[in-house]
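Single-structure report; data block below.
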Amino acid sequence: MSKLAKEILLKNGNPPIVEFFRRPKTLFELLNVQKLKAYKYKVQPVHWYQKGFEGCYYEVHRTKYTIFNNEPKHGHAWALLFWRGRQAFHPPKEMKGGTKFAWQQYRSPAADGIKYDQSTAKTIEKRRNFLLKGYYTGLNPKAPPPKDGALQ
């Protein structure tokens with residue numbers, strides 16, 4: 001690779017493709033990588049995996065998203081929810097939190113050595129709530145002003 005190409009690619013420390021794979025992905029970024037193979041693709045929010053929920057995932061059946069600058073920003077996805085290995089409802093329902101949470105392909109936490117522990121789950125949830133509360137109450141200077149009675 002030429003010296004100029006290396007300078008351009010490594011301008012911010014890593015090539016753009018490496019940065020894309022390292023950062024957390026929204027649901028639509030994750031499904032866009034799959035293109036047409038997203039049918040029956042199993043996904044889960046990262047915090048479910050960290051808490052050690054076994055057999056909890058969504059099975060995507062339909063997606064519809066907008067692409068802006070070659071990246072999906074917003075959209076809708078319909079899926080079946082499987083909770084503890086059992087299907088929670090039959091007709092696919094719209095998934096919530098597609099852009100709110102970080103998502104990943106379904107992996108069994110038990111296979112990776114993560115077991116459900118009540119205290120660990122509470123700690124993760126407490127930390128997540130603290131970060132969200134800080135975002136909406138002014139600890140983050142770029143945060144929008146909170147609505148009346150929000151997160152109190």
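Only the coordinates and a few stated rules stand behind these numbers; no lab work does. Fair warning: this is a prediction, and the values are worked out from it, not measured in the lab. FYI the Cβ positions are ideal-geometry reconstructions off the backbone, even for glycines, and counts take in every protein chain you see.
What residues qualify as long-range amide H neighbours of TYR65, i.e. H under 5 Å apart, gap of 5 or more or another chain, H built at 1.01 Å from N?
Correct list: HIS76.
Per 5 Å bin, what percent of the C-alpha pairs of region 43-95 does each bin hold, from zero upward?
Calculated P(r), rounded to whole percents: 5, 19, 22, 20, 17, 11, 5, 1.
Order 38-47, 67-76 from most to least packed using the mean count of other Cβ atoms within 10 Å. Intermediate values should be presented prior to the final figure.
On the way: 38-47: 16.3, 67-76: 12.1.
Listed from highest to lowest mean packing, they are 38-47, 67-76.
Net charge within 11 Å of MET95 by Cβ-Cβ distance, Lys/Arg positive one each and Asp/Glu negative one each, not counting MET95 itself?
+2
By how many nm would the segment from LYS42 to GLN105 grow when fully extended, if each residue of separation counts as 0.36 nm and the alpha-carbon distance is taken off? Mind showing how you got there, number by number?
Values: separation 63, 0.36 × 63 = 22.68 nm, distance 0.60 nm.
The LYS42-GLN105 span can extend by a further 22.1 nm.
Could you work out the local net charge near PHE82, counting Lys and Arg as +1, Asp and Glu as -1, over the other residues with Cβ closer than 12 Å to its Cβ? Write down the numbers at each step before the final one.
On the way: positive: LYS40, LYS42, ARG84, ARG86; negative: GLU54, GLU59.
Around PHE82, the charge tally is +2.
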